[in-house]
Structures are given as C-alpha cells and as structure tokens.
Amino acid sequence: MADFRVTRVEQGQTRIRSVPIAVTPEGFWCCPSPVVFQKTLKAQNPQTKPKPPPPPPPPKAPFQKQISQTERKLSSNPSRMRFVSDDQRSLISDTAGLNPSLATERAPKPNVENLQRKLAIEFGEHGTSDLKVVLSGKPVFSVKMSVHKNVLVENSSFFAEKLSEQKSPLRCLEIDDCEDVEVYVEVVGLMYCKEMKQRLIKQSVSRVLRILKVAELLGFNSCMQSCLEYLEAVPWVGEEEEKVVSSILRLQSDSIGVSPVLKRVSSDVCNPPSDTLLHIMELVLKSNEERGRREMKSLVLKLLRENNKISFNDGSDDICNENTCNLCRNCLDALLLLFRQAAEPGFTDKSMDSKGPVAKQIALEADNLLWLVDILSERRAADEFVLIWASQQELATLHSRLPTVSRHLVSCITARLFIGIGRGEILPSKDTRLLLLQTWLQPLIDDYSWLQHGCRSFDRKVVEEGIGRTILTLPLEDQQSILLAWLGSFLKVGDNCPNLHRAFEVWWRRTFVRPYVEQQENQLQSESSMTSI
C-alpha cells in the first residue's frame with residue numbers, strides 16, 4: 001500500500017482550476033484522465049501566448065457583488081461533486097470581514113508549476129466534509145479530496161483502520177507514492193454511489209481491472225464484488241482474457257468469490273481432453289459438407305500445432321496419438337473396400353451415377369487420411385502409421401487398376417510420408433523405410449504427371465527432396481537398387497517422373513568416389529607410418 005501520513009493542510013497552499021467532470025446526483029462518478037487534466041490546465045493557463053495587459057481594477061461595489069454571486073453558485077448544488085479553486089475559497093474567507101481592495105492585494109500570484117500539478121475535489125454536499133485526503137503519486141499532479149469520515153469508514157477497511165488508530169480527530173490524511181492517483185480518486189468517488197455496477201457498464205475491461213486493484217488495496221469489498229460481476233458478464237477481447245485471469249488469481253481477499261469469473265476458462269467437470277479431441281475429430285471425419293469439413297480440418301490442425309509446445313504428464317498425449325492411429329485404421333479399411341469395389345470387372349462400364357459416389361468417397365477417405373497423417377506428423381507420432389501404410393500391399397496392387405483421376409489422392413499420402421521422413425519429422429525403422437519405397441514409390445511415379453497438373457497443394461521440389469533423402473537413409477545396396485529402378489522410369493517418361501538427380505549424385509559419390517578417396521587416404525597413412533619407422 002502507498003505510504004500513509006497525517007498532515008496539516010495549509011491554507012492557500014494548492015492552486016486549483018475547474019476541470020470538467022461527469023457527476024451524478026449521489027456525488028462523484030468518473031475522474032478525468034491525466035491528459036484531460038493537463039489539457040484543461042494548459043487551456044486555462046497558456047504559457048506560450050503573450051499575456052494581455054491587466055484590466056483596470058473594478059469598483060468596490062461590483063466586486064462585492066461578484067463575490068456574493070460566487071458564494072450563491074457554490075451552495076446551489078449541494079449534492080454534486082465539484083472542483084473548487086483554493087484561490088476562490090481563500091478569497092471568499094479572507095474578504096468576509098475585510099475591505100475588498102485589501103483582499104485583492106493579498107491574493108497570491110498563481111504558480112504555473114502548482115497549477116499543473118495540484119487539484120482539489122469535493123465529494124457530497126458542499127461544505128459538509130470533515131476530512132481531507134491528499135494523494136501524491138507518479139503522475140505530474142496531486143489531488144486533495146474533501147471527503148466524509150463516515151463514508152470512508154463504512155466502505156473501506158483500510159480507512160477504517162487508519163482512522164481508528166488516531167486518538168485525536170483527524171483533519172487530513174496524506175498518501176504518498178500512490179501508483180494510480182486517477183483511479184484511486186474514482187474508487188473513493190464510487191463510495192458515494194448507490195449502484196456501482198451500473199456505473200461500471202460504460203467502462204473498459206482494463207479500466208475495471210485498475211479499479212479492482214485499488215478497491216482491494218482499500219478493502220472496498222462492495223466495489224470489488226461489482227467489478228467481478230462486471231468481468232463475469234462482459235466479453236473479453238484479444239489479450240484481455242490473460243489480463244483478467246492473472247488479475248483475478250492475484251486477489252488476496254477470501255471473502256470475494258472469484259469462481260464465477262474463472263469458470264469461463266476452467267471447468268469443474270472432469271473430462272479428459274483426449275476424449276473431447278477424439279469426438280471433434282470424429283465429427284470432422286463424418287461430415288459430408290465439403291466447405292465446413294475443409295475449414296475445420298485446417299482450424300483443428302492449426303490449434304494442435306500451437307499446442308505442440310505444451311507437454312502433458314497425465315498420459316493424454318499417448319491416448320490422443322493412439323486414438324488418431326485408430327481413426328487412420330478405420331479410414332484405411334473403408335478405403336480398401338472402396339478400392340475393391342472400384343477394381344471389380346465391369347465397374348468402369350457403369351454409368352456415372354454409379355461410379356461417381358464411389359470416386360467421391362475414395363477422394364474423401366484419402367483426404368481424411370492425409371489430414372490424420374498431418375496431425376500425427378505434427379505430434380511426432382507418425383512412425384506407426386508409416387508401417388501400417390507400407391504394409392498395404394493389396395491396396396497398392398489395386399491402385400494400378402483404378403483410373404488416375406480416382407486414385408491420385410492416395411499418392412498424396414505417400415508423398416506426405418516421404419516429406420516427413422526427409423525432414424526428420426518421422427523416424428521409422430530401416431526396414432519400414434525400405435518397405436515403404438518398395439510398396440508405394442512406383443504407384444507415386446505412375447500418378448506423378450496427374451499430381452503436378454491436378455493437385456494445387458502438390459509441391460514437386462519438396463516431394464522430390466523428401467523421396468531422395470528417404471532413399472539415402474538406406475544401406476548403399478538398397479540405394480542402388482531403388483535408384484537404378486527409378487533411372488529406368490525417368491529415362492522413359494522424363495518430367496512425368498520425380499527428378500531424383502541430387503540423390504543420384506550422392507549415391508554416385510558414395511559408390512565410386514568415396515572408396516577411391518578412402519583408398520588414397522589409407523595409402524598415404526601407410527606410407528607416413530613407414531617413413532616414421
């Protein structure tokens with residue numbers, strides 16, 4: 001809490017000017033921001049403009065009339081909070097029993113620095129306050145508040161404790177190093193309002209959080225409760241959620257219930273995240289609406305990618321990966337049945353009404369599998385699926401019997417696995433990598449021309465790099481057999497075949513250059529050892 005001192009208010013010490021402010025019949029509502037303070041003071045005290053010559057002193061009678069009008073104006077609105085100039089107040093008190101001309105001579109010259117730094121605020125009915133509270137903080141101004149002890153004691157445990165510690169009646173409290181003078185004044189003003197929740201409606205979330213912080217420092221429980229009710233009902237936009245949650249968790253008061261606010265971001269129901277994620281994935285996979293399915297696949301993959309940095313120790317990661325693999329098996333079973341149906345004799349002679357739904361369902365299942373592979377790859381858990389996919393000999397055999405337009409999306413799955421292995425995202429065993437190449441490289445080559453021209457998301461360079469790197473992870477004998485088989489296809493179809501010349505160059509150096517270099521090194525090492533002997 002800010003420093004607390006008991007001081008004595010010196011008459012005429014502070015120079016104040018009127019500042020526009022929103023008020024209510026109960027009293028204070030909204031304290032203007034420091035910018036408003038400064039702009040108002042600057043407008044009323046221009047420093048850059050030349051000062052006009054002082055007007056001639058008015059006659060005595062009119063001057064006395066002006067003072068009386070000022071007194072009537074100050075007492076006309078007793079229920080409103082007002083900014084009152086100490087110049088006016090001291091001028092009125094000093095001229096009550098003196099000559100007006102003497103009062104004019106005694107009026108001190110305003111200090112520009114004080115005018116920009118000090119303000120006075122009066123709460124409730126004019127002239128009834130029995131306590132002065134002076135706030136001094138980091139902003140370039142301080143505030144002197146005329147308040148009522150009974151209001152502060154009734155609403156604030158902090159003020160109640162400080163006032164009870166003093167034996168003699170207090171006239172002024174001074175609080176130094178106040179972090180948020182503006183909001184501090186507003187919270188004190190809210191003690192004079194009957195419906196605080198209604199007063200908070202037009203405020204922003206960040207402003208209410210500032211009010212909540214000061215209300216907790218002052219022990220203003222009813223204000224804290226109103227702030228929490230506001231935060232529970234108002235939407236949180238952008239970064240406001242983290243600010244609200246962190247501010248609520250920092251509250252030290254046990255008497256204030258924060259659970260209604262926190263229920264927006266946490267649940268008391270024990271529901272494993274893996275079960276919820278499985279349900280979402282099943283809904284997406286079963287959807288027949290193309291646009292909605294495509295958008296949700298992209299969204300779920302994006303959210304899972306963001307959550308990869310978070311690791312759970314409750315085993316939910318393993319359960320999620322296992323559930324995803326089970327979904328892959330279901331899609332594979334459905335895809336195999338569709339391939340068998342499309343490969344039956346006479347299927348190609350059927351009408352489009354009969355063939356169309358099967359081709360559409362094949363494309364759907366292949367796209368679902370590709371999405372699940374992306375999820376497993378992002379979660380570094382696709383090794384098991386590579387083995388499952390490499391073992392699909394029947395599916396690979398049926399692949400050549402279907403028209404390219406119906407089967408090419410299946411080759412996208414193979415291409416995606418090669419990309420993952422080439423990037424080091426998927427780490428299957430040596431036997432699995434070899435089996436994958438033996439089973440699916442030729443079907444991929446058969447569909448390569450269609451993939452280049454009929455698949456928008458197909459990136460030829462990335463796929464070719466993935467295939468080449470996958471081949472180069474094998475033993476040298478396996479590299480040779482696969483690359484020589486690829487060379488035969490490449491020399492026949494050219495651009496309609498993956499261009500693996502980079503992998504071929506590496507294999508060439510490993511086969512023909514490296515042994516010679518090693519032989520030369522061994523020979524030089526041998527000669528060197530003989531010379532040393």
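Data table
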| quantity | calculated |
| --- | --- |
| Residues satisfying the stated conditions in segment 151-166, i.e. within 44 Å of the chain's Cα centre (by Cα) and open to solvent by 60 Å² or more (accessible area, probe 1.4 Å) | V153, E154, S157, E161 |
| Helices (runs of 4 or more DSSP H) wholly inside segment 295-404 that include at least 1 residues being under 36 Å from the mean Cα position of the chain (by Cα) and among the small types (G, A, S) | 316-342, 352-378 |
| Criterion: part of a helix (DSSP H, G or I), within 21 Å of E179 (Cβ to Cβ) and in contact with a Cys (Cβ under 6 Å, 6 or more places away or on another chain) - qualifying residue of L212, L217, L231 | L212 |
| Sole residue being under 27 Å from L119 (Cα atoms), in a helix (DSSP H, G or I) and basic (K, R), chosen from K243, K194, K162 | K162 |
| Single residue of segment 364-410 satisfying the filter (of a type in the set (G, A, S), farther than 27 Å from N307 by Cα and modelled with pLDDT of 95 or more) that is surrounded by the most Cβ atoms within 10 Å (Cβ to Cβ) | A390 |
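The values are calculated or read from the model by the stated rules, or taken from the named source; none is laboratory data. Keep in mind that this is a model prediction, so the values were computed, not measured. A quick note on method: Cβ atoms are made from the backbone with ideal geometry, for glycine too, and the neighbour counts reach across all protein chains shown. Calculation scope for accessible area: heavy atoms of the full protein, side chains included, ligands and nucleic acids excluded. Shrake-Rupley method; radii C 1.70, N 1.55, O 1.52, S 1.80 Å.
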